[in-house]
Amino acid sequence: MEGDSESVASVAAQGLDAQMDDAPAQAPETNTRKRARDDVEDDMEENEDERTGDNGEPKPSDEPLDGAKEQPRISKNQLKKLKRQKLWEQKREDRKTIRKDKRHEKSARRRLERDEKAAKLAEEQGIDKSAALKQIVAAEQKEHKPKVVVPVAFIIDCDFEKYMRETELVSLGAQITRSYAMNRAGQYQAHVLVSSWGGFLKERFETVLQNTHLNYRGVRFVDYDFVEAGKTAWEIMHGARGGRSCPSLGAEQQSTEKGSGDKPTEGGEEAAKAETPTEKETAPTPEFTTESIVYLSADSPHVLEKLEPYTSYVIGGLVDRNREKLLCQKRAEEKGIRTAKLPIGDYMQMVSRQVLATNHVVEIMSKWLETGDWGVAFQEVIPKRKGGKLKGVDGEEGEEEDDKDAEVEAEQHEKQVESSERQEQQGEKPENDSSEAVA
């Protein structure tokens, strides 16, 4: 008996060694495993190097030896995700090359258009092409509006990770990137802070996106909550680089009160830039209060009429397809922070719910800083798929649209009722109740 047991153990050991020798090198641990939400996926990570399969792909392990712990099996959906992730990583350099080529093509088109324009201008004015080119460049620079930093802060609250799936977190990461781009593209740029920074998002930006967020100008990624981020924003806005006001924030009214009725010149703007840091360096920073923070929520009973200087506007970094309700509103109430919603209903006739992506909210507020008009901001930013239409003056157009919508709904209701009656007469069960269909 003793000899038999020794031979069985020897055969088992040889089989295990053969499996380990034949096992291919495993790929680096992916974000999919790191976002595991149950014990089965955790066990899969711990025992990753014990799996074998063709082409280096994970697959369920063989039957365990007597006394060994049974290994969890990987599902087909998980295997598909791993394959997609691997393919995505393999094509990373190709995507970078494509983006680089597109930038070069765009630059080449611009140079060609400028050269053609210069040649035409030189022929019309009878001057040298180089002189015409200088005129064109000077005109373009004159038309270009300088970027101005304003004492307003946008805070993206990323403390909702537990409510989102991995794909939704990836979408949120893309929205944060777009928010930065939209704010930088605006004539008036706000300070941007990303609060509760950590978890999957931070890991993704540091690995998949290769720490590109560290080069974002005017953006701070902080690991504390939005209230502490509001305090940080308060100190930044009252600091030497806090920025200066713009017409939408009341800059014209301030200059009028000081008795300066002249239009600002380039020298005046440069002088203001030089004076502002000195004044802010010498003046003490006012005491921070939570009244300087406004949490934007579609469920708020209050409407945001305008943006105010030295105020932080918090945007909930949440992508959940409207599964969770009142999350942002409750979160603000728990912290004693006032809330408000964008005045979409006052300016737009919406078909869907008035919930927008994070980058859309940032772009809308950036457009308002530039124009001072919510209607223009909504019309330019809100996606067409939401079916938003700008209301007329005094809501006249909106009332007409309401009447048209009511007529359409009434006609649909009548048709559904007639269809249900015909089906009942024929002894058939109606497919849908008319009241539910209208609702």
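Each value in this text was obtained by applying a stated rule to the coordinates, not by laboratory testing. Keep in mind the model is a prediction, meaning the values are calculated, not measured. Every residue, glycine among them, receives a Cβ derived from its backbone with ideal geometry; neighbour counts consider all protein chains shown.
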Once the Cβ-Cβ distance between K120 and K306 is put in as r, and R0 is 51 Å, what FRET efficiency do you end up with, to the nearest 0.05? 0.65
May I ask you to list the trypsin sites (Lys or Arg not before Pro) in the stretch 145-195 that are in a DSSP loop and have at most 14 other Cβ atoms within 10 Å of their Cβ? K147, R165
Once amide H atoms are built 1.01 Å from N in the peptide plane, which residues 5 or more positions from Y310, or in another chain, come under 5 Å H to H? V152
Quick one: of K76/K162; K202/K384; K306/K389; K341/K391; K162/K335; K231/K335, which pairs are farther than 23 Å apart, Cα to Cα? K76/K162; K202/K384
Taking 0.36 nm per intervening residue step and subtracting the Cα-Cα distance, what contour gain separates H104 from R217 on full extension? 38.3 nm
Lysine pairs in the stretch 92-143 with alpha-carbon atoms under 23 Å apart, 8 or more places apart or on different chains: how many are there? 15
